[in-house]
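Notes to accompany the following structure.
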Amino acid sequence: MRFLPLIWSGIWRKPGRTILMFLQISVAFALFGVLQGLKTGVEHLVAAARADLLIVHTRANLFSPLPLGLLERIKSVPGVKMVVPVELSGATYQKPDQQLGIVAVSTEGDWLSAFTFMVTPEHAAALRNTRTGALILEATAKKYGWKIGDHIPLMTRTVLLGASAAWEFEVAGTFSDSDIGGGGDKILINFSYYNEARQAGKNTVNHFNVAVTDPKLAVSVADEIDRRFANSSNETKSESLRELAQLELQSIGDLNFLIRAIVGAVLVALLFATSTMMMQSIRERTAELAVLKTLGFTDRAVFLLILAEAVVVCVVAAACGLALALFAFPFAARFISGLSMPLVVVEIGLASALLVALVSAGVPAILAARLRITEALASR
């Protein structure tokens, strides 16, 4: 503890340089935290995606229609727990930019087991018992100030009977969605009502949500479903929610390589910058270090003193940068649902900061330890 004043005075000998180093390190580790947190968070979300929930759609894409009549054949596949038809559409509220997704689902039986939606039993029953009812995503209801019992008019892209584009729903409750791609404003409505009201596409669906009895059976169930419709006019492709999440992640590119390249380049640049500043600091303090040795400081004590200065600056600055990244993640979570920065990223960041400090200050500390008193003072 008696060396703390010396460490503190050495750090603030040149305030401008110390502040510049502090800012460089903070920014570098804020970037490190955001990128590593993004990578780890997204991987965690993909791993958490349900493997026991299959999406059965046409081999062409997710939005080509499938006949509703396929439901019973899918339901008869061994290992299938629940099959729910799903039809997707779009609508606007009062302005063109107030867009909502409409998800029409069958609310029969244990339909929620085939979704990532979280709905209270009361709201699920209210939707089932209200023909024109709708469940509103909690964030959407808060955004527009909708509450249970409200009647909301929507302009839909689906042509309704009577050639009217206006569609009115009664708010029956709210829900939340834990899906990795569950962001965006949307509402749930009764498929039976939707199917009766539309002019075109009756008795067809975008896809079927299929819940399996055991996640270990997901692959075999998916293969069996696709086998049953192979070479037919309605060839299917069955994918688990986890597989779809992985495909979505892969569509970004090689995220691991990209992040490692950026973080590596930043840390190498930071290492050179801090090493240069430490070397400059030692050159400026040659006489001061010689005086310390004259007063009885050993080579080892001087070596540890220089290392301690670098460690304090790097670790404290890295902690500030990581705290800034941690503070930024709630805002990033608005774009990637459920995103967070695991504690392990903070631990790795602090360990990396310690390593940067030791490597960047290693050579300057050795030079300071080997400093000869006579040579250092002779030049003064």
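Listed values, structure above:
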read-out	value
43, 168, 87, ranked by accessible area, largest first (probe 1.4 Å)	168, 43, 87
Read-out percent of Cα pairs over 41 Å apart, derived from the coordinates shown; its label in (1) 15; (2) 10; (3) 39	(3)
Heavy atoms of residue 148 accessible to a 1.4 Å probe, total area in Å² rounded to 10	110 Å²
Rounded if a/c under 1.5, otherwise prolate or oblate - the range 39-115, Cα gyration tensor axes	oblate
Links that overshoot a 32 Å alpha carbon limit, given the list 14/39; 81/142; 75/202; 81/202	14/39; 81/142
Surface accessible to a 1.4 Å probe, residue 257 within the full protein complex, Å²	140 Å²
Qualifying chymotrypsin sites (Phe, Trp or Tyr not before Pro) for the range 1-75 [loop in DSSP, other Cβ within 10 Å: at most 16]	3, 12, 63
Sparse-neighbour loop sites [trypsin sites (Lys or Arg not before Pro); the range 5-40; at most 15 other C-beta within 10 Å; DSSP]	13
Area of residue 7 that stays accessible when all protein chains are in place (1.4 Å probe, Å², to 10)	20 Å²
Computed [θ] at 222 nm, helices only, for the chain once each DSSP H run of length n ≥ 4 contributes -39500 (n - 2.57)	-17000 deg cm²/dmol
Contact order normalised by residue count of the chain, Cα under 8 Å, 6+ apart, percent	28 percent
The chain, accessible surface, carbon-and-sulfur percent (1.4 angstrom probe)	63 percent
Gap separating the Cα centres of the range 95-138 and the range 18-59, nearest whole Å	30 Å
Largest to smallest accessible area among 44, 123 [probe 1.4 Å]	44, 123
For the range 199-218 and the range 275-317, distance of Cα centres in Å	68 Å
Spatially proximal lysines relative to residue 143 (Cα-Cα < 25 Å; intrachain offsets below 8 disregarded)	95, 186
Kyte-Doolittle mean at least 1.0 and Cα axial length at least 30 Å: DSSP H helices in the chain	15-48, 255-284, 299-332, 343-369
Solvent exposure, largest accessible area first (probe 1.4 Å, DNA, RNA and ligands not counted), of 66, 324, 271	324, 271, 66
1.4 Å probe accessible area per residue over the range 12-157, in Å²	48 Å²
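The values are calculated or read from the model by the stated rules, or taken from the named source; none is laboratory data. Note that the structure is a prediction, hence the values are computed from the model and not measured. Cβ sites come from the backbone with ideal geometry, for glycine too, and all protein chains shown count toward neighbours. Heavy atoms of the whole protein, side chains included, go into the accessibility calculation; ligands, DNA and RNA do not. Shrake-Rupley method; radii C 1.70, N 1.55, O 1.52, S 1.80 Å.
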